[in-house]
Amino acid sequence: MAIAQVVLFALISLVVMEKNLVLATFDTDMVCVWGKDNCQINGDRLALTLNEWSGASVKGTKEFLFGYVQMRIKLVPDDSAAVVTTYYISSPWESKENDWHDEIDFEFLGNVTGKPYTIHTNIFVNGVGNREEQFRPWFDLTSDYHNYTIFWSPYMVMWSIDGVVFRVFKNIEDQGVPFPKTRAMTVYSSIWNADDWACQGGQVKTNWTHQPFIANYLNYEDSVCPWTGTNSIQDCHVWNIWN
């Protein structure tokens, strides 16, 4: 399928699936998994805080194979150098030594005041990434909430912001490129410090005089095929996401 056809299919999929989004809440569909003192859930709102002592992370309560997840995020403003905010879906890690997980990433790499964030995307299959692509935003990620969407089907993965698709990863297994399609995933988000690499290659460190660094969230929604066991590998491949 040509790239233009893939993008057209992706756009149609987004429009159709949006009608079936389930309005969830962080309160009912997310739990704090580390840095609990820096994780505040209040109904359909979430705040994750980074300070010198800890970052924070949340995890979804659903396991699924294929679907559409989205949330609105307002990122850390001003001097956010080396502050990394992530939003991704991932299968479980068995261990660092036996890493066969699948993962689809949004990572937002902070910068010094006046410099733009970097939007970092990646996809892991069987524990192997090396599919990074980075983008500069066309708007200020910190001045207001923006809607970030991950769409995952047997045919493609796509990333979009406010309905604008900016990356598509097509399933081309027939050309020897692995694609995630057999492991259940769960939604995660986190905030943490990575001043060894995240800002200008690690040259700019986090300025802790500006702590706390807070990322704010609204309106988690999803339309997904629930994971019920290995039978889901077949069921979700033929699942009609649009019904």
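The values are calculated or read from the model by the stated rules, or taken from the named source; none is laboratory data. Computed from a predicted model, the values in this text were never measured in an experiment. Here the Cβ is made from the backbone with ideal geometry for all residues, glycine too, and neighbour counts use every protein chain on show. Ligands, DNA and RNA are excluded from the accessible area calculation, which covers all protein heavy atoms including side chains. Shrake-Rupley method; radii C 1.70, N 1.55, O 1.52, S 1.80 Å.
Note on the stretch 143-175: among residues that are outside any strand (DSSP E or B) and among the hydroxyl-bearing types (S, T, Y), the one that is most open to solvent (accessible area, probe 1.4 Å) is Y155. Only residues that are touching a Phe, Trp or Tyr at 6+ places or on another chain (Cβ under 9 Å) and surrounded by fewer than 16 Cβ atoms within 10 Å (Cβ to Cβ) were counted in the stretch 111-127, giving 2. When the strands (runs of 3 or more DSSP E) confined to the stretch 35-123 are screened for residues that are of a type in the set (D, E), those reaching at least 3 such residues are found at 103-109.
Of the listed requirements (1) out of contact with any strand residue (DSSP E or B) (no Cβ under 8 Å at 6 or more places or on another chain); (2) within 20 Å of I119 (Cβ to Cβ), T209 misses just one: (2).
Scan the stretch 230-240 and tell me whether some residue there is open to solvent by less than 60 Å² (accessible area, probe 1.4 Å), within 24 Å of F106 (Cα to Cα) and at pLDDT 90 or above. The answer is no, given that none of the residues of the stretch 230-240 is open to solvent by less than 60 Å² (accessible area, probe 1.4 Å), within 24 Å of F106 (Cα to Cα) and at pLDDT 90 or above.
In the stretch 42-56, the qualifying residues are those that are open to solvent by less than 30 Å² (accessible area, probe 1.4 Å) and among the hydrophobic types (A, V, I, L, M, F, W, C), and the one that is farthest from the chain's Cα centre (by Cα) is L50. Scanning the stretch 139-164 for residues that are more than 11 Å from the chain's Cα centre (by Cα) and among the polar types (S, T, N, Q) yields T142, S143, N147, S153. Scanning the stretch 124-142 for residues that are in a strand (DSSP E or B) and touching a Lys or Arg at 6+ places or on another chain (Cβ under 9 Å), which turns out farthest from E103 (Cα to Cα)? For the stretch 124-142, the residue satisfying everything is F135.
Among the residues of the stretch 197-219, are any among the β-branched types (V, I, T), under 19 Å from the mean Cα position of the chain (by Cα) and surrounded by fewer than 16 Cβ atoms within 10 Å (Cβ to Cβ)? No. Of the set (1) open to solvent by 20 Å² or more (accessible area, probe 1.4 Å); (2) more than 17 Å from A24 (Cα to Cα); (3) touching a Leu at 6+ places or on another chain (Cβ under 8 Å), all apply to E133 but (3). For the stretch 57-90, the set of residues classified as hydrophobic (A, V, I, L, M, F, W, C) and either more than 26 Å from P226 (Cα to Cα) or open to solvent by 10 Å² or more (accessible area, probe 1.4 Å) (or both) consists of L75, V76, A81, A82, V83, V84, listed by residue number. The set of residues from the stretch 176-198 being touching a strand residue (DSSP E or B) at 6+ places or on another chain (Cβ under 7 Å) and assigned to a loop (DSSP other than H, G, I, E, B) comprises P178, F179, P180, A184, A194, A198.
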